[in-house]
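Undergrad: Sharing a structure with you now.
The values are calculated or read from the model by the stated rules, or taken from the named source; none is laboratory data. None of the values given here were measured: they were computed from a predicted structure. Neighbour counts are summed over all protein chains in view; Cβ atoms, including those assigned to glycine, are modelled from backbone coordinates with ideal geometry. Calculation scope for accessible area: heavy atoms of the full protein, side chains included, ligands and nucleic acids excluded. Shrake-Rupley method; radii C 1.70, N 1.55, O 1.52, S 1.80 Å.
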Amino acid sequence: MYKPVNLAKDVFYVGVNDRRTHLFENMWPLERGVAYNSYLITDEKVALIDGVEIGQVERFLKKIRAVLGARPIDYLVINHMEPDHAGAIQILRELYPDMKLVGNKKTIPMIDGYFGFSDNCIEVDEGSKLELGNHTLQFFMIPMVHWPETMVTYLLEEQILFSADAFGSFGTLDGGIFDDEMDFDYFKDEMRRYYSNIVGKYGSPVRKALEKLATLDIKMIAATHGPVLRTHIAEVLDMYNRWSNYMGEEGVVIAYASMYGHTEEMAEVIAREIAEQGVRSIRMYDVSKTHPSYIISDIFKYNSLILGSPTYSNGLHPNLESLVNKLETIGIPQRNFGFFGNFTWAGAAVKRLQGFAETSGWKVVGVPVEEKHALKSSKYEACRELGRAMASVVKNGK
Ligand code: FEO
């Protein structure tokens, strides 16, 4: 059973789809699931590159056996120890007791910590090679993309890069495994949501990884999530270059919290003015409706952001506060930033957003607007002025 899926002769896809898990890392919505990709190379020695999440192990083993039959696995290459890939290590070791685990000096203590053993491990370093027969694996360290131990494995003869989480995406592989077997546009958005929320904080390590990988001839990128790339490689590398440098394209994200619609009304006025000034990419989000992962993904995409909140318990609305906290954690270095708020008896939201503006180092655009009770004409005009100021910066840089 299971017709093997070849990346090249003797190189197979043995990953699985997960459409049951609702939240990746128990945080990030998986509207269209996620794939845990794993790869098998058969030669004089057999190497398995990364594994899958423990709940998906049954189908994973079926796929491995469809290729190998009763033949054992000689090496399990562990590019990344996060349990969505390493969760099945214990079971694999029990099934293949002579299998050697291949990792680096940061991987092996993690194996010991998670599974309680460190024997039968092979430690590799930057540039180390592992010969399988006619195939040679070479290892390169890409720390913090996504964990400190993360590395990539390069199959020299086929120029395939097994890239761990780098270039990965949310979304299951619905029949198509390769990027030219599917509607790839969907994955570009989900790739950005994955990147921005999972590794977006680590722009500098990602840039270092990209510099290192630029020295390799790459015909195919086989990540641990999302499509195997063979047609869109240059486009994806360019996307990673822009995201890791936090380059936003022309456009404004307006994210607001609103309990009874007064803050939302201010957001609408600001948005209309920005549109009247000719900005065409405007994305509005009610933070109580849209999960922050989608908002953060668009904040990575566009160069400008406006946040608005009512005052709640002498601070921001908790859902807007949650978004601000996530932005503080990620630490995007540059964005054009405007803000506004609303209160009933004591204003604190705009003050908190002012504090966020100062710590983020972002360019504050326009004059923050703070209304008491319902929106009235003077603050209506102030919202329009904030919109005009933002449109001018987005379009003209000033
Ligand atoms: Fe897909 Fe960082 O694990």
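Undergrad: In this structure, is F117 more than 26 Å from N17 (Cβ to Cβ) and either within 16 Å of the ligand (Cβ to nearest atom) or in contact with a helix residue (DSSP H, G or I) (Cβ under 8 Å, 6 or more places away or on another chain) (or both)?
TA: Here the answer is yes, as F117 does meet what is asked.
Undergrad: Go over the candidates I64, I41 one by one and state the one that is away from the ligand (no atom under 16 Å from the Cβ), open to solvent by less than 10 Å² (accessible area, probe 1.4 Å) and in a helix (DSSP H, G or I).
TA: Of I64, I41, the one residue that is away from the ligand (no atom under 16 Å from the Cβ), open to solvent by less than 10 Å² (accessible area, probe 1.4 Å) and in a helix (DSSP H, G or I) is I64.
Undergrad: Could you list, in sequence order, the residues of segment 220-268 that are under 29 Å from A349 (Cα atoms) and among the β-branched types (V, I, T)?
TA: Answer for segment 220-268, where residues must be under 29 Å from A349 (Cα atoms) and among the β-branched types (V, I, T): V252, V253, I254, T263.
Undergrad: Take the residues in segment 351-380 that are more than 36 Å from the chain's Cα centre (by Cα) and under 25 Å from K398 (Cβ atoms), then tell me which one is surrounded by the fewest Cβ atoms within 10 Å (Cβ to Cβ).
TA: Checking each candidate, the answer is Y380.
Undergrad: What strands (runs of 3 or more DSSP E) completely inside segment 185-300 contain at least 2 residues that are closer than 30 Å to E126 by Cα and either open to solvent by less than 10 Å² (accessible area, probe 1.4 Å) or modelled with pLDDT of 95 or more (or both)?
TA: Qualifying strands (runs of 3 or more DSSP E): 220-222.
Undergrad: Then there's this: Only strands (runs of 3 or more DSSP E) wholly contained in segment 301-398 count here; list those with 3 or more residues that are under 24 Å from H291 (Cα atoms).
TA: 302-312, 336-343
Undergrad: A further question follows. Have a look at K105, K100, K9 and point out the one that is under 19 Å from G176 (Cα atoms), open to solvent by 40 Å² or more (accessible area, probe 1.4 Å), of a type in the set (K, R) and away from the ligand (no atom under 16 Å from the Cβ).
TA: K9
Undergrad: Let me ask something else. How about segment 78-88: which of its residues are out of contact with any Leu (no Cβ under 7 Å at 6 or more places or on another chain) and either open to solvent by less than 40 Å² (accessible area, probe 1.4 Å) or not assigned by TED's automatic domain parsing to the domain that holds A222 (or both)?
TA: Answer for segment 78-88, where residues must be out of contact with any Leu (no Cβ under 7 Å at 6 or more places or on another chain) and either open to solvent by less than 40 Å² (accessible area, probe 1.4 Å) or not assigned by TED's automatic domain parsing to the domain that holds A222 (or both): N79, H80, M81, E82, D84, H85, A86, G87, A88.
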